[in-house]
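Only one structure is covered here, and it is reproduced in the block below.
Coordinate-derived values only; no laboratory data. For clarity, every value in this text was computed on a predicted model and none was experimentally measured. Every residue, glycine among them, receives a Cβ derived from its backbone with ideal geometry; neighbour counts consider all protein chains shown.
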Amino acid sequence: MEVVLAVVIGALYAAGLYMMLRRSYVKVVIGLALLSYAASLLIFTVNGVTRGRPPLVPEGALRPPEPFADPLPQALILTAIVIGFGVQAFTVVLFKRTYQATETDDLDAIRSTEHHKKPGVPASISGAREG
Amino acid sequence: MNLLLVLPILIPFLTAVTALLAWHNRLLQRRINVAGASLHFAVALGLLASVSRDGIQVTQIGNWPAPFGITLVADLFSAIMVTMTGLMGLTVAVYSLGTIDARRESFGYYALLHTLLMGVSGAFLTGDMFNLYVWFEVMLIASFVLMALGGAKEQLEGALKYVTINLVSSALFLTSVGVLYSVTGTLNMADLARRVSSGTIDPGLTTVLAMMFLVTFGIKAALFPLFFWLPASYHTPPIAITALFSGLLTKVGVYALVRVFTLIFVHDVAFTHSLLMVIAGLTMVTGVLGAVAQMEMRRLLSFHIISQIGYLLMGLALFTELALAGTIFFMVHVIIAKSALFLVSGLVRRVAGSYHLKELGGLYRSNTGLATLFFVPAMALAGIPPLSGFWAKLTLVRAGLEIEDYAIVAVSLAVSILTLFSMTKIWAEVFWKDRSESSDPPKPLSPFQRHSLLIPAVWLAALTVLIGVGAEPILDLAMDAAAQLHDPSAYIRAVLGGGAV
């Protein structure tokens, strides 16, 4: 099971990074989502996949019998998923607004923060020229 | 339960919530903003006083004993950083009253500002790695919205870059935390320190983890070669936000680096801290060279943020008590001086209508007070005695000479001269040269706006002088804080209880 998950995680990281390197920022959003899935799955797998052994303490004992599934990584993943969901929702809206403002989804065309505008040229004109 | 540890997080949270409840009443939001920021600063000062009097303060949230629950810890370094957060929060809260437009205010600017302060304070106070991740996210989401709020094209483009790189860094942070837990079986920082130093963990694996955290926090702190997002985005939002970001956000990254590389990853100092030294030198040099080439004030100052991060890292890399004290002193100095410069550049913009050096000029003749207000923090940043920067750099240089690391000392002094050069460039272009063309007269400021712009800038400039003139007590405080960082046994004992070490 761990081997399969390890391959899946590797593939997710690779796909996420590949998407992040694309020029269209729609693909960058997908890449970011894949990266966060990969990170969640990694936390789950790297801490040991234990099946059917809930961490329940039997009566009279002080700790659950080994081996048991560690609940902490799952709590971490749950938190990470919630945070990731919120952040990704924000990112999608931000990218949509950026698309409306710049009318392009090509990251190479987004350079108005790199240079100072020529004095006297309004932002819209210099932006259009560069785009 | 020590309330002083919880209040620096709780007060900005409650302020943000009440500001949201007063959504339709802009005036009320402004009042809540100032009241909340003042209260936050007061509590932070109280925390600093309590920590310097009684030593390290610890609170276990929900009374779960460490290392099982989430721990809030304030050693002197944390307390100093929380105090700086309170100071910057109050300064920017007042400055915002005069500079932030009504549209941004009614779209929740003040709620976001205080959410950011909550995230930053939380990051400084937590003693748990995963909790640190959560506070980073709180801080980041607030900063994302603050950067994009207003929706100008330039802002959105800057935010796009800022958000993307920070999400990559967050994914890496999460990955590192997951692997850290699987390797060590704990996420409590004090417990991590104990387990790593016990030698049961493969040192090679620990080094790999150290490098993962170095990259994660390196992106947030804008270290060489991970700094490209900073000059591409920091100058886009309104200047009050830029000043706050420059004062606090990259410093949280540096704080996290100092924390993990003094407490946890000290198993192989010869490798890790030598690497930090190389990065520190390169960060200083590339930052200041980038600044020299800029002609736009905000971009120029943004590059200086990077260069100053190099100095902060230098103290960590030297890794002696004196050097760490230098880092802490420098942190206090640079937060104040750099934010003061951003506030003054905002004032210049209000008075002369531009941030661009070529379009400005003659301000010394027309506005001598403003020129002085720029001159003081600029000279402090360059390290001219008797201002704060001089003592900060002197401490770092002395620490470098003490352990005979002449290369980094030489680099830091050369970078100081280049810093002075680019400050004089601003001085010559903005204040000294004659103005080539007369442009439209600026919009007149109302007396209220005047005060809300001037008081924070004057207050920060006066602080750089005060810290410079009265350096002794602050250096003593920094030395005590550095002693706690250099020998973490007190920290570990405070968190885990008596016989832990």
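What ranking, highest mean first, results for peptides B:284-293, B:51-60 when packing means the other Cβ atoms within 10 Å averaged over each residue? Don't skip to the end; give the middle numbers.
Numbers: B:284-293: 20.1, B:51-60: 16.6.
Output ranking for B:284-293, B:51-60: B:284-293, B:51-60.
Projecting the Cα positions of B:LEU370, B:ALA123, B:LEU394 onto the charge dipole of the protein assembly as shown (unit charges on Cβ atoms of Lys, Arg, Asp and Glu, taken about the Cα centre) puts B:LEU370 furthest along the positive direction.
The Cα atoms of segment B:225-312 define a convex hull whose projected area, averaged across directions, is 5.6 nm². Taken one residue at a time, the phi angles of segment B:228-243 give Karplus couplings (6.51, -1.76, 1.60, θ = phi - 60°) of 4, 5, 5, x, 7, 10, 5, 8, 7, x, x, 5, 4, 5, 4, 4 Hz. Gly and Pro are set to x. Principal-axis analysis of the Cα atoms of chain B puts helix B:129-148 at an angle of about 10° to the longest axis. In the elastic network of chain A, a GNM with C-alpha springs shorter than 10 Å, the most mobile of A:ARG22, A:ARG97, A:ARG51 is A:ARG51. Length gained on full extension, B:ASP268 to B:ASN2, computed as 0.36 nm times the residue gap minus the Cα-Cα distance: 92.2 nm.
Taking each DSSP H run with n ≥ 4 as -39500 (n - 2.57) and averaging over every residue of chain B yields -26000 deg cm²/dmol at 222 nm.
Considering every Cα-Cα pair within segment B:354-473, what fraction, in whole percent, is farther apart than 16 Å?
Working: 4929 of 7140 pairs.
That fraction is 69 percent.
Packing, taken as the mean count of other beta carbons within 10 Å per residue, orders the peptides B:229-237, B:482-490, B:5-13, B:401-409 from highest to lowest as B:229-237, B:5-13, B:482-490, B:401-409. Taking the centroid of alpha carbons for each part, segment B:328-406 and segment B:457-501 are 23 Å apart.
What's the average, rounded to a whole number, of partner chain beta-carbon atoms within 10 Å of each residue's beta-carbon in B:182-193? Mind showing how you got there, number by number?
Working: counts 8, 2, 0, 3, 1, 2, 0, 0, 0, 0, 0, 0.
The mean count of partner-chain Cβ atoms within 10 Å per residue comes to 1.
Quote to one decimal, in nm, the extra length available between B:GLU321 and B:ILE61 on full extension: 0.36 nm per residue of separation minus the C-alpha distance between them.
Numbers: separation 260, 0.36 × 260 = 93.60 nm, distance 3.11 nm.
Difference between extended and current length: 90.5 nm.
In segment B:380-501, taking the dipole from charged Cβ atoms about the Cα centre, the farthest positive-side position among B:VAL458, B:GLN484, B:GLY497 is held by B:VAL458. Between A:ALA11 and A:LYS96, the simple label model (points 7 Å from Cα in the Cβ direction) yields a spacing of 3.1 nm. In this Cβ point-charge picture (+1 for Lys and Arg, -1 for Asp and Glu), chain B has a dipole of about 1360 debye about its Cα centre. According to the calculation over all Cα-Cα pairs in segment B:294-401, the P(r) per 10 Å bin from zero is 15, 41, 27, 13, 3 %.
Averaged over the residues of peptide B:141-153, the number of Cβ atoms from other protein chains lying within 10 Å of each residue's Cβ is 3.
Take each residue of peptide A:67-76, count the partner chain Cβ atoms within 10 Å of its Cβ, and average: the result is 2.
Mean shadow of the protein assembly as shown, computed from the convex hull of its alpha carbons, in nm²? Show your work: numbers first, answer last.
On the way: hull surface 112.9 nm².
The directionally averaged projection comes out at 28.2 nm².
For segment A:83-99, putting each phi into the Karplus relation 6.51 cos²θ - 1.76 cosθ + 1.60 with θ = phi - 60° gives couplings of 4, x, 4, x, 5, 5, 4, 4, 4, 4, 5, 4, 5, 5, 5, 5, 4 Hz, in residue order, rounded to whole numbers and with x for Gly and Pro. Around the amide H of A:SER24, modelled in the peptide plane, lie the amide H atoms of A:LEU107, all under 5 Å away and 5 or more residues distant in sequence or on another chain.
One equal scatterer on each Cα of segment B:208-263, no solvent, Debye formula: the resulting log10 I(q)/I(0) at q = 0.16, 0.29 Å⁻¹ is -0.50, -1.13. Enclosing the Cα atoms of chain A in their convex hull gives a volume equal to 127 cubic angstrom per residue.
Under 5 Å from the amide H of A:ASN47 lies no amide H of any residue 5 or more positions distant or on a separate chain, with H modelled from the backbone and absent for Pro and chain starts.
Simple rule: put +1 on each Lys or Arg Cβ and -1 on each Asp or Glu Cβ in the protein assembly as shown, find the dipole, and look at B:ALA243, B:GLY470, B:LEU445; the Cα lying farthest toward the positive end is B:LEU445.
The order of the peptides A:76-87, B:312-323 by mean Cβ neighbours within 10 Å, most packed first, is B:312-323, A:76-87.
State to the nearest 20 debye the size of the charge dipole of the protein assembly as shown about its Cα centre, where the only charges are +1 on K and R beta carbons and -1 on D and E beta carbons. Could you put the intermediate results ahead of the total?
Working: 40 positive and 35 negative charges, 357 e Å.
With only Lys, Arg, Asp and Glu charged at Cβ, the dipole is about 1720 debye.
Using unit Cβ charges (K, R positive; D, E negative) and no other charged atoms, how large, in debye to the nearest 20, is the dipole of segment B:351-501 about its Cα centre?
Working: 10 positive and 12 negative charges, 114 e Å.
In debye, rounded to 20, segment B:351-501 gives about 540.
Taking only the C-alpha atoms of chain B, the Rg (one decimal) and the largest Cα-Cα distance, Dmax (whole number), read 21.7, 73 Å.
Shown in residue order for segment B:97-104 are the 3J(HN,Hα) couplings computed by the Karplus curve 6.51 cos²θ - 1.76 cosθ + 1.60 at θ = phi - 60°: 4, x, 10, 7, 6, 4, 5, 4 Hz (x for Gly and Pro). Using only alpha carbons, segment B:29-166 has a radius of gyration to Kirkwood radius ratio (Rg to Rh) of 1.03. Total lysine pairs in chain B at Cα distances under 27 Å, for residues eight or more apart or on different chains: 26.
Comparing A:LEU72, A:LEU34, A:LEU12 in a Gaussian network model of chain A (Cα springs below 10 Å), the most mobile by mean-square fluctuation is A:LEU72. Here segment B:198-357 is treated as an ellipsoid with the same Cα gyration tensor; its semi-axes, largest first and in whole Å, are 32, 14, 13.
Volume of the convex hull of segment B:7-89 (Cα atoms only), normalised per residue: 86 Å³.
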